[in-house]
Amino acid sequence: MDYLRIPETSLAAGRLSDTQEKTTKRLAELKSYLEKKVAEHQDEIHNLQWFLETVDNILAEKSYRRVQLPKTIPETPTPTDSNPPQTIRTISGVLLADIFVEGQNLRIVPSKDIKFDANAPPLRSFLVGKVLEPLHVKDEESTRNQRLSPDQILSYDIDREATTLKQIHVKNYGDERRLNELKNALRWTFRRMYEKTIGTQ
């Protein structure tokens, strides 16, 4: 009789419902896993893009400087500083800042012709948040492990006038590798700040 088959149909529906619930749960777990992996890869892609842009900027800068070398030597050479600053320029040659290396310290002086915002994300979020502060924390950790003395810890100071950046001081930059890392980060930071500055004019 037909009514005898009703419980069987109900039981099958229950099994189907359980299967759907398990499938939905697994899909939700898979979605969470994929979102986590996407976020991880986005961070890696961001870092790789920054390294690529840094290399491109350095190559472009070197190419520009080769083109701009004087063809003739001046008859009366002018006195030169024994420790001249290194410049940060755009690819088109606009002066953005000077980097003075003074012993174990760096002094970065922005161009007087450009007003850089001391609160701009390239400075605060990237240079301070992802470069200077992590190096400072790393050095503090090294002192706790007695690999570094307290007077060798990297420190930094941002000089400003209202919201305008005046100078950046970095003390105890460390070895040559870290010096080059800081210079590359400074180039990237000032070029990005310049792009934002001219974009708001």
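The table below lists the values:
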quantity: Neighbours by Cβ (under 7 Å, 6+ apart or cross-chain): first from the range 141-159, loosely packed, with under 12 Cβ neighbours inside 10 Å; second β-branched (Val, Ile, Thr); calculated: 149/143; 150/143
quantity: Conditions (1) surrounded by fewer than 17 Cβ atoms within 10 Å (Cβ to Cβ); (2) part of a helix (DSSP H, G or I); (3) in contact (Cβ under 8 Å) with a residue 60 or more places away in the chain; number of the one not met by residue 115; calculated: (2)
quantity: Answer residue from the range 151-174, given it is hydrophobic (A, V, I, L, M, F, W, C) and assigned to a loop (DSSP other than H, G, I, E, B) and is farthest from the chain's Cα centre (by Cα) among those; calculated: 162
quantity: Unique residue being more than 18 Å from residue 194 (Cβ to Cβ) and either surrounded by 17 or more Cβ atoms within 10 Å (Cβ to Cβ) or among the aliphatic types (A, V, I, L, M) (or both) when the list is 165, 96, 179; calculated: 179
quantity: Selection status of residue 99, closer than 13 Å to residue 165 by Cβ, in a strand (DSSP E or B) and at pLDDT 95 or above; calculated: no
quantity: Flag for residue 194 being under 25 Å from residue 116 (Cα atoms), under 16 Å from the mean Cα position of the chain (by Cα) and buried (at least 19 other Cβ atoms within 10 Å of the Cβ); calculated: yes
quantity: Tally of residues being open to solvent by less than 60 Å² (accessible area, probe 1.4 Å) and part of a helix (DSSP H, G or I) across the range 118-133; calculated: 8
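The values are calculated or read from the model by the stated rules, or taken from the named source; none is laboratory data. All of these numbers come straight from a predicted model, not from anything done at the bench. Cβ: placed from backbone, ideal geometry, glycine included. Neighbour counts: every protein chain shown. The area values use the complete protein model at the heavy-atom level, side chains included, leaving out ligands, DNA and RNA. Shrake-Rupley method; radii C 1.70, N 1.55, O 1.52, S 1.80 Å.
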